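Presented below is the structure to which this report refers.
The values are calculated or read from the model by the stated rules, or taken from the named source; none is laboratory data. Source: prediction; values computed, not measured. Glycine gets a Cβ as well: all are built from the backbone with ideal geometry, and neighbour counts include every protein chain shown. Calculation scope for accessible area: heavy atoms of the full protein, side chains included, ligands and nucleic acids excluded. Shrake-Rupley method; radii C 1.70, N 1.55, O 1.52, S 1.80 Å.
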Amino acid sequence: MARSIPFSANSYASFFCLLMFVSTYLKGAPVYGAKGEHDKLYLVVNVKSLDPNPYCIESTKDQSKRESLKVVHRHGPCSHMNEARASAPTLVEIMSHDQARVNSLHHRLRIKSDRNSLDDSKATLPAKSGRSIGTGNYIVTLGLGTPKKDLTLTFDTGSDVTWIQCQPCIRCYQQQEPIFNPSASQTYKNLSCTSPQCSQLYISGCTRATNTCLYAVLYGDRSFTIGLYATETLTLTPSDVFPGFAFGCGLNNTGLFRGAAGLLGLGRGPPSLVAQTASKYGNYFSYCLPTLSSSSGTLVFGKDGGTTNSAGIKYTPLLTNSNGPSFYYIEVMGIKVAGELLPISQSVFSSPGTIIDSGTVITRLQPEAYDALRTRFRQLMMNYTMTQGVSLFDTCYDFSGRDKVDVPTISFVFGGNVEVPIPSPGILYGSQKLACLAFAENSDASDEGIFGNWQQQTLDVVYDVAGEKVGFGTGGCS
């Protein structure tokens, strides 16, 4: 029997308070050929491959025996969302929203987080709670409800709460699939204000008349979602079904989510999918992010899913920070360019720390580290003429008229002396007319570094949260 949503006059009053709360707050990837193994000095880049490929090329890796979700870039040719082709954002737009995410993430980490309550009478928003969804995101499709409805969600290791748009909408943005209707599901159930799940939310509220838990997630780029916190049956694969999965049923949503039905939270906090499925998957998941232009990757839960090359995975310790308990911290010990370790003191990295994040596009470095990387990269690229930079990028080249160029290798040395070569698609960003070094500097040396998704492309990235380690392997997907 279908369950209805209790949404009384008092509920609308609660949502009016939440809306006032929000209103107050809101005042083409390259394909490369390697010159040698990762310890060689240069990679040979086919210049034409810097421009986007309009055709989807499925991954060449065999995933038939793995319980996994297919991952594609929301703006790439493998995405089924119409907006990916029709109105994909420009480089400047992507970088602007990426910087908004980074700014708000840094601001959130400067102040120790406290949970915030919303109720029927008042709502105030601390500045520290803003985050940005960004636009350079990867998407997966999963099932929700009974009968199951397939929905496309952006997945984010920097967020805990999973949410989708729900009927009846107070305000909803346009999405590809039909908006989820809880009343049509046999297994939907609102959570009470006194439920353990409600108490785990960073921002929560309560409709007193119906004792229904409310949630709110606000992002630094003025996107937001507010609605009912509920449980539903989640279907990841035919054999991976989870009754009673807690999620946000968003009735008032706006911002830069365009096309996707919502967000899949893969952070370290209790509301995340990782924590809610720990009894089966053991706080263990992995992914391979495909290149933007032409291919697909995977998101896998549990050790049994394995990786395409488990023997080649190298692990670095997973660290924690009390100011950002939902984030995945790793230690950066150094950076190599063309096999040479740059002269950067380890304290430059260790004092603020570094986060690995699937939602931030471009890796952010402390100013001293970025300056050393940029200087050495420019020295080794002196055979090519630099052109004017754009947005975050200040080291750019025009390769028009060339067939191939030699680009120096870049690798990161993580805790435990684990060296991870940056895959060749992660070194440059742009096109053959404007190809830029795909790294940026933080504005403040005390801000955390961020290992972004552009540098993670084609890597197998393994999160063994229970084992407190993160693994990296090359050649996870094409």
Does residue 397 meet the test of being of a type outside the set (D, E, K, R), at pLDDT 95 or above, touching an Asp or Glu at 6+ places or on another chain (Cβ under 6 Å) and at negative phi?
no
Filter the range 363-386 for residues that are at pLDDT 95 or above and among the β-branched types (Val, Ile, Thr); the one that is surrounded by the most Cβ atoms within 10 Å (Cβ to Cβ) is 363
Has the range 388-400 got at least one residue that is under 27 Å from residue 327 (Cα atoms) and within 20 Å of the chain's Cα centre (by Cα)?
yes
Residues that are out of contact with any helix residue (DSSP H, G or I) (no Cβ under 9 Å at 6 or more places or on another chain), assigned to a loop (DSSP other than H, G, I, E, B) and crowded, with 20+ Cβ neighbours inside 10 Å, drawn from the range 186-234
201, 223
Please go through the range 78-106 and give me each residue that is β-branched (Val, Ile, Thr) and either at pLDDT below 65 or in contact with a strand residue (DSSP E or B) (Cβ under 8 Å, 6 or more places away or on another chain) (or both), ordered by number.
92, 102
Expected output for the range 73-95 (first residue exposed (fewer than 15 other Cβ atoms within 10 Å of the Cβ), partner at pLDDT 70 or above, Cβ below 6 Å, 6+ apart or cross-chain) is 92/391
If we scan the range 333-349, do we find a residue that is assigned to a strand (DSSP E or B), closer than 29 Å to residue 153 by Cα and within 26 Å of the chain's Cα centre (by Cα)?
no
Scan the range 31-72 residue by residue and report those that are modelled with pLDDT of 70 or more and open to solvent by less than 40 Å² (accessible area, probe 1.4 Å).
43, 44, 45, 47, 49, 50, 68, 69, 71, 72
Apart from one, (1) at pLDDT 95 or above; (2) within 21 Å of the chain's Cα centre (by Cα); (3) open to solvent by 10 Å² or more (accessible area, probe 1.4 Å) all hold for residue 423; the odd one out is (1)
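Working only within the range 358-384, note down all residues that are assigned to a helix (DSSP H, G or I) and either in contact with a Gly (Cβ under 8 Å, 6 or more places away or on another chain) or β-branched (Val, Ile, Thr) (or both).
Within the range 358-384, the subset assigned to a helix (DSSP H, G or I) is 367-380.
Hits for the range 358-384 are 369, 375.
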Can you tell me which residues in the range 429-459 are in a strand (DSSP E or B), modelled with pLDDT of 95 or more and over 19 Å from residue 105 (Cα atoms)?
436, 437
Subset tally (residues that are modelled with pLDDT under 90 and outside any strand (DSSP E or B)) for the range 290-320:
17
For the range 426-478, what are the residues that are open to solvent by 10 Å² or more (accessible area, probe 1.4 Å), among the hydroxyl-bearing types (Ser, Thr, Tyr) and closer than 22 Å to residue 333 by Cα?
443, 446, 474
Which residues, taken from the range 131-184, are hydroxyl-bearing (Ser, Thr, Tyr), outside any loop (DSSP other than H, G, I, E, B) and at pLDDT 95 or above?
183
State all residues of the range 394-420 that are assigned to a strand (DSSP E or B) and crowded, with 21+ Cβ neighbours inside 10 Å; if no residue qualifies, say none.
397, 407, 410, 412, 414, 420
Looking at residue 183 and the list (1) under 29 Å from residue 327 (Cβ atoms); (2) open to solvent by 30 Å² or more (accessible area, probe 1.4 Å); (3) among the hydroxyl-bearing types (Ser, Thr, Tyr), which single condition is not satisfied?
(1)
Of all the residues that make up the range 235-286, how many are open to solvent by 20 Å² or more (accessible area, probe 1.4 Å) and assigned to a loop (DSSP other than H, G, I, E, B)?
9
